[in-house]
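Chemist: My questions all concern the structure below.
Nothing in this text is a laboratory measurement; each read-out follows from the coordinates by a stated rule. Predicted model, so just to flag it, every value in this text is computed and none were measured. Positions of Cβ are generated from backbone atoms using ideal geometry, with glycine treated the same way; all protein chains shown enter the neighbour counts.
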Amino acid sequence: MPIARASRPICADAPRLGTAVAQSAPADPSAPAAGRRSAPFASRTSLRFAAAAAAMLAIVGLGTYAAFRVRATAPTPRQTANMEIAAHPPADPGPVGRTPNSSLREVTAEHLERSKLVVLGLTALDPKQTHSADWQYERRLAGTLLDDTRLYREMAQKRGMDDVARVMRDLETVLIETSMSDTTDREALSRVQRLIAKRDLVVKMQLVAAN
């Protein structure tokens, strides 16, 4: 019969199929160590992979931490502006309302107060009863005040402060005449006094000093 003939070859190949299935079956855990030689290699591979993954995570973590620190420590625009201001502070404007002209008026007022020692001292003397040695102090002080008087006059002229420039010019003339007067000249004191009166120097000095 045809069916019986077809089953004979399959039965004849049964031993070889059993051998192939036995060879492809998974190894029994209870089998001898010779059958599990590949197990240590698989374990080492897993450990290496785990170590590489841990190292990679550590590198990524360090990079993230460093970026966070840089961003946290970076100055803000306001902090940068404050640092620029601290490094280059603005110039001190000085007292409110203070100008170069007002400063010059202050120093000239102080100078006029010192100069009054000469002018008022000379006007208080009596030429008929005064000798050259009696106003030696005024002559010496006039010589020390002369340079500053000339300087203030020039500064006032450059800044258009005519009232200060005029009184400094008159004072300069009186100081020159006083400091260069001859000690043997009996008329020297009278000439200085007439010069002071003619220029009305005392009143001018008081007005400029008051302003």
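Chemist: If you scan the range 184-199, which residues turn out to be surrounded by fewer than 12 Cβ atoms within 10 Å (Cβ to Cβ) and among the small types (Gly, Ala, Ser)?
Modeler: If the condition is that a residue be surrounded by fewer than 12 Cβ atoms within 10 Å (Cβ to Cβ) and among the small types (Gly, Ala, Ser), then Ala197 is the only one that fits.
Chemist: Pairs please, first residue from the range 120-145 and farther than 17 Å from Thr173 by Cβ, second anywhere and of a type in the set (A, V, I, L, M) and in a loop (DSSP other than H, G, I, E, B), Cβ atoms under 7 Å, 6+ apart in sequence or on different chains.
Modeler: Qualifying pairs under 7 Å: Asp134/Leu125; Trp135/Leu125.
Chemist: Hey, could you check the range 166-183 for residues that are buried (at least 19 other Cβ atoms within 10 Å of the Cβ) and not acidic (Asp, Glu) and say which is farthest from Val208 (Cα to Cα)?
Modeler: The residue in question is Ser181.
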